[in-house]
Structures are given as structure tokens and as C-alpha cells.
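**Q** Here you go, one structure.
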Amino acid sequence: MNNFNPADNIQDLQYFGEFGGVNPSISDSSTYTFLSAKTMFDTFEGNMEGCYLYSRHSSPSNLYLDKALAAMEGTETANVSASGMGAITPTLLQLCGAGDHIVSSRTIYGGTYAFLKNFAPRMGIKTAFVDITKLDVVEAAITPETKVLYCETVSNPLLEVADIAGLSKIAKKHNLTLVVDNTFSPLSVTPIKLGADIVIHSLTKYINGSSDTVGGVTCASQEFINSLKDVNSGASMLLGPTMDSMRSASVMKNMRTLHLRIKQHSYNAAYLAERFEKDGLKTVYPGLASHPSHKIYASMINPEYGFGGMMTVDVGSLAKANALMELMQSKNLGYLAVSLGFYKTLFSAPGTSTSSEIPLEEQTEMGLTDGLIRFSIGLDNDIERTYQMMKGCMQELSIL
Ligand code: PLP
């Protein structure tokens, strides 16, 4: 994958619409006609390239977006879904059945954690949650039943970094599938280059970038995506988390500006993180030399896209965190809202929101403190102005 540039790969894709439209036409149909019954049968059997049968299986609009996401991640193909969870759960259920075992990072999105901890055991699938930054601990958790190694490139919400190349070595040695959720770091990191087998995104976040829809994708080999979409045994086909064509068309258009947005998110977050740290705030950002995995992350990223737009600041207590978030919102510095990747800065206290599925004692063990605020830094034009205003809020509340 020498000279691989994910944004150039997206840019090189050209899709025209009917009548020469500069955007592809939206396939506004759930079902498709056939001139011959034989072609319909062959399509059902999966033997007719380029023919469509029914939109839960695939639609032209979804295939355009699949191709763009596969080009971005460097995989053979991809399968979009109605949400990030709609990509994560069928992928894991396709890879694992009753009696199988998963080794997962313990610092992952709360919904994924809840699925693995509470729901997957109902299907006979057990998970060991580990500190993903300790490769010896990861390897020690593998059992003869383990099928999958699961992590997020940059974890939600603690911004721990997974050493994907190191994890890939372990996965290969034990014949496991390494599944990486790359939601926090599109373009910045290309997990396939580092040895991941399957890459997942919640498109809801940076890739769509306008907080107007949920969406997800699994990027993988043609063989795996075929298995997910198999009419008889595919988890995506049978559980049905299909993205709507209207939505995939709008996500595709937003993806055209992803490279510009990621650069600006990264620039703004790095700017604030450096200053907050100098001001004495407990700041976590993978671009700071003080981040425990800074060096590894620096070696993993496609440098022009930077270290990403996510950072955390610990202001000491939940009461202070809440007061600060309310004050910042009142000054139009951002929104007190979950999610990430919006043009506007978003902030929340993960312990009581996106990670509330994780029991309190486990939150403490993983270092998820009460006063932690997770910031998704926006596309602000003048970040020095934003910094001064945020600092003013902190001074007003005696946090600084
Ligand atoms: N993965 C990560 C890292 C997330 O942050 C989220 C949502 O917050 C998800 C997956 C789930 O995505 P969705 O909400 O689109 O289902």
C-alpha cells in the first residue's frame, strides 16, 4: 500500500447520474424488475453481477457509498448499514457463534460494550475485556475458543490508542480476526495498512459530519462481505440493518469534504489541547507528547490528517464539568450533546452519558473519572478566539 492516500482514493472515484448529473442518481426503489425469470433466479443465487433484486440486499446508491468507503480504507469492498451498531453487531455475529470467545478492549463505545457484555452471552458468545495497550495482557486473554480481537483505533472516551500492528501480529499468530472500529480516526489512520482484517465506522460521526443521520459501515474482503449479505446465512441480510438509499446518497456527498474537515478538526483540537495543558488542565489528546501512546500513534497516522478532533479535559468533579458545559453552551462555544464529528464543538461527560452502560467500578478501574469532559472539537474559523472564550468560562468557574 505504498503511496496510499485515502482522500485521493475517494477523490478519484467518479459517479455520474442519469442525464449526466454530477452526482449519482438516487435509487428510489425497494425492488427491481427483470426481463427474464432466469436472470431473477440467478441474481437471487448471487450469480448476476450488476443486477439488483431487493434493496435490503443492495441498492445502487449503497454500492456507490460502499465503494467510496472501501477506497478510503483500502479494503476490497464494504457494506453500509443503518447505524454504526448496525455494522458492529452483524459483523461480530457473523464471525462468532455459540461457544466462541472475543478478546476486546475494555475502553470502547458504551453500546458496543453493552452488546458484548449483556447481549452476546445470550447467543453463547463470551468476551474478555482487557487493557488493549498491554499486548501481553491481550495475548494472555486468548483461549482456544477465541475468534476475534476487537478494538477501537482511538478509544471512546479515554482516547487510548490501540497498537494495531502489534495486535495484528497476535491475531495472526492465534488465527484470530482483528476487527477495528476506526470511527474516531477516519483518514488519519488506515488500520488495514497496519494489519487489521475488518474496519468498522459509525458514519454518524466524522464521515457524514453533519449530525443529521446515523449510519455505519463494515469494510472488509469481498468474501467476508458476501458472507454478511448471504441470503441464507448473512447477519446483515437476515437482521436487516440496511441503510436507506436517500441517506447513503447524502452521506456520499458529505464524504467529498471529509479531508478538509478532518484537517481542520485536527488543527483546532491540537491548538486547544496544547494550550489547556500549558494552563495546567489535565488534558488528554493523542497529539500531545504527554499522551502515553503519542509515539506509537505518530507512527500510525497518515500525518497530513493530524491527530484527530477528540480530546478530554478533567475538571475535577461532575458538578464542575456540568457547570462548565452549561456555561460554554450559553456562550455558543458548542453544544452539550453526545456524538462527535460535527462542525460545532460537542461536549459531554461520558461517565453519565455515552459510557453509562459501563458499571461504575469498571469506569473507575479504566480511569474514567467523574470530572472528565469529552470534547469533539468543531470547525471553528478562529480557534484562538474560541480558546480565549473557553478559558474565560473556566476562570469564571475557578477551574483555571
Ligand atoms: N463506535 C464508536 C466509536 C462510537 O462512538 C459509536 C457511537 O457513539 C458507535 C460505534 C455506534 O455508532 P451509531 O451510534 O452510529 O450506531
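The values are calculated or read from the model by the stated rules, or taken from the named source; none is laboratory data. If you're wondering where the values come from, they're calculated on a predicted model, not measured in any experiment. Neighbour counts are summed over all protein chains in view; Cβ atoms, including those assigned to glycine, are modelled from backbone coordinates with ideal geometry. Accessible surface is based on the protein model in full, side chains and every heavy atom, while ligands, DNA and RNA are left aside. Shrake-Rupley method; radii C 1.70, N 1.55, O 1.52, S 1.80 Å.
**Q** In the stretch 178-285, which strands (runs of 3 or more DSSP E) lie fully inside it and hold 1 or more residues that are in the same structural domain as Asp382 (by TED's automatic domain parsing) and more than 16 Å from the ligand (Cβ to nearest atom)?
**A** The qualifying strands (runs of 3 or more DSSP E) are 282-284.
**Q** Looking at the stretch 45-56, is at least one residue open to solvent by 50 Å² or more (accessible area, probe 1.4 Å), modelled with pLDDT of 95 or more, among the aromatic types (Phe, Trp, Tyr) and closer than 22 Å to Val217 by Cβ?
**A** no
**Q** Moving to a separate point now. Find the residue count for the stretch 262-279, including only residues that are open to solvent by 30 Å² or more (accessible area, probe 1.4 Å) and in contact (Cβ under 8 Å) with a residue 24 or more places away in the chain.
**A** Here the count works out to 6.
**Q** Then there's this: I need every pair where a residue in the stretch 105-117 that is touching a residue at least 40 places away in the same chain (Cβ under 8 Å) has its Cβ under 7 Å from the Cβ of a residue that is part of a helix (DSSP H, G or I), sequence separation at least 6 or different chains.
**A** Taking only residues 6 or more apart or on different chains, the pairs are Gly111/Met85; Thr112/Ile88.
**Q** For the stretch 341-368, how many residues are open to solvent by 60 Å² or more (accessible area, probe 1.4 Å) and in a loop (DSSP other than H, G, I, E, B)?
**A** Final tally of qualifying residues: 3.
**Q** If you don't mind, there's one more thing I want to ask. Identify, please: which residue in the stretch 29-44 is among the polar types (S, T, N, Q) and assigned to a helix (DSSP H, G or I) and is, among those, surrounded by the fewest Cβ atoms within 10 Å (Cβ to Cβ)?
**A** Filtering first and then ranking leaves Thr39.
**Q** For the stretch 58-78, enumerate the residues that are closer than 15 Å to Leu228 by Cβ, in a loop (DSSP other than H, G, I, E, B) and over 17 Å from the mean Cα position of the chain (by Cα).
**A** Answer for the stretch 58-78, where residues must be closer than 15 Å to Leu228 by Cβ, in a loop (DSSP other than H, G, I, E, B) and over 17 Å from the mean Cα position of the chain (by Cα): Ser58, Glu76.
**Q** Also: Take the residues in the stretch 214-243 that are β-branched (Val, Ile, Thr) and open to solvent by 20 Å² or more (accessible area, probe 1.4 Å), then tell me which one is modelled with the lowest pLDDT.
**A** Checked the stretch 214-243; the qualifying residue modelled with the lowest pLDDT is Val231.
**Q** Here are Ile88, Ile108, Ile26: which of them is within 16 Å of the ligand (Cβ to nearest atom), assigned by TED's automatic domain parsing to the domain that holds Gln222, among the β-branched types (Val, Ile, Thr) and not in a helix (DSSP H, G or I)?
**A** Just a single option satisfies the conditions, and that option is Ile108.
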